[in-house]
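Only one structure is covered here, and it is reproduced in the block below.
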Amino acid sequence: MEKNDRLAERNRGFFKAKKLLVLNVVSSPGSGKTTFIRETAAKLAGKLRVGVIVGDLATDNDAARLREVGIPVVQITTGTVCHLDAEMVSKAAGQLDLDKVDVLVIENVGNLVCPADYDLGEDLRVVLLSTTEGEDKPLKYPPMFHSANVAIVTKSDLAVAAGFNREQALANLKRVSHHAEIFELSSKTGEGMKAWLDFLVERRGEI
Ligand SMILES: Nc1nc2c(ncn2[C@@H]2O[C@H](COP(=O)(O)OP(=O)(O)OP(=O)(O)O)[C@@H](O)[C@H]2O)c(=O)[nH]1
Ligand SMILES: [Mg+2]
């Protein structure tokens, strides 16, 4: 852990020198990370250039999904490891042309437990909570939600079908994710995306 923290600080310094805004996107499997990143990059086109590092235990499916819409991406396959660490990110970042990137998005392995302890050198930890996975996730997985700077309630288009209790979910998030700015959106319909994109542009401007 000490070694990881040291490398994460080194990453942070390197990213800062490159004037990158770096996001570490975490959530349970299938809550919509890749779709959210793809739509964010598409809607930022012309304003900010997005590059992606994506981690999975196996397959390069997510990298292929992002590459096919023109996003520069490096896939990390971790084998049996259920999180990314700072060293993996440092190596992967070396494979991207970072002079052509303004926002570096790291899609972590889909898991609400392991990634919580690993600082990657990011500016913002972004946790997704989809309307289909239950309002109680922040209460069940507090380290991940507690450490988040941003919490995104996603798949809002499915909220009614899933019987999603919005008030309960927001109350749980506010209880656990004390430091997090909260956004509600759908990557599918684009509803709610504007507030998130404005926030990103503002944060990148501060670097
Ligand atoms: N209706 C709807 N479906 C969505 C939305 N976001 C993602 N999905 C769908 O949810 C499924 C999983 O999305 P992914 O983006 O692959 O999720 P992920 O978190 O990257 O998954 P892992 O990388 O495997 O952890 C896909 O079928 C997406 O099309 C959304 O906002 N609304
Ligand atoms: Mg994914």
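The values are calculated or read from the model by the stated rules, or taken from the named source; none is laboratory data. Here the structure is a predicted model, which means the values were calculated and not measured. Heads up, the Cβs are rebuilt from the backbone with ideal geometry, glycines too, and the neighbour counts pull from every protein chain shown.
Structure data summary
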read-out	value
Which numbered condition ARG12 fails, given (1) away from ligand 1 (no atom under 16 Å from the Cβ); (2) within 17 Å of the chain's Cα centre (by Cα); (3) closer than 24 Å to LYS188 by Cα	(3)
Condition met for GLU167 (at pLDDT 95 or above, away from ligand 2 (no atom under 16 Å from the Cβ), assigned to a loop (DSSP other than H, G, I, E, B) and not small (Gly, Ala, Ser))	no
When residues of the stretch 113-123 are limited to those that are in contact (Cβ under 8 Å) with a residue 60 or more places away in the chain and assigned to a loop (DSSP other than H, G, I, E, B), the one nearest to MET1 (Cα to Cα)	TYR118
Top-ranked residue in the stretch 15-26 [being buried (at least 16 other Cβ atoms within 10 Å of the Cβ) and either hydroxyl-bearing (Ser, Thr, Tyr) or not in a strand (DSSP E or B) (or both); ranked as nearest to the chain's Cα centre (by Cα)]	LEU20
Restricting the stretch 75-98 to residues that are of a type in the set (Asp, Glu) and surrounded by fewer than 18 Cβ atoms within 10 Å (Cβ to Cβ), the residue that is farthest from PRO143 (Cα to Cα)	ASP97
One residue from THR78, THR154, THR131 being over 21 Å from ALA41 (Cβ atoms) and either within 16 Å of ligand 2 (Cβ to nearest atom) or modelled with pLDDT under 95 (or both)	THR78
Condition met for THR154 (touching a Phe, Trp or Tyr at 6+ places or on another chain (Cβ under 9 Å), crowded, with 21+ Cβ neighbours inside 10 Å and hydroxyl-bearing (Ser, Thr, Tyr))	yes
Residue identified as at pLDDT below 95 and not polar (S, T, N, Q) among HIS179, HIS146	HIS179
Selection count where residues are within 23 Å of PHE199 (Cβ to Cβ) and either of a type in the set (Phe, Trp, Tyr) or touching a strand residue (DSSP E or B) at 6+ places or on another chain (Cβ under 8 Å) (or both), scope the stretch 139-157	12
Filter pass, VAL126 being among the β-branched types (Val, Ile, Thr), surrounded by fewer than 20 Cβ atoms within 10 Å (Cβ to Cβ) and either modelled with pLDDT under 95 or outside any helix (DSSP H, G or I) (or both)	no
Residues that are away from ligand 2 (no atom under 16 Å from the Cβ), of a type outside the set (Lys, Arg) and out of contact with any Asp or Glu (no Cβ under 6 Å at 6 or more places or on another chain), drawn from the stretch 8-26	GLU9, ASN11, GLY13, PHE14, PHE15, ALA17, LEU20
Leading residue by the ranking (surrounded by the fewest Cβ atoms within 10 Å (Cβ to Cβ)) among those in the stretch 27-51 that are within 10 Å of ligand 2 (Cβ to nearest atom) and among the β-branched types (Val, Ile, Thr)	THR35
Per-region count, the stretch 58-112, residues more than 16 Å from ligand 1 (Cβ to nearest atom) and part of a strand (DSSP E or B)	2
Residue list for the stretch 99-123, filter: farther than 16 Å from PRO29 by Cβ and surrounded by fewer than 18 Cβ atoms within 10 Å (Cβ to Cβ)	ASP99, LYS100, ASP117
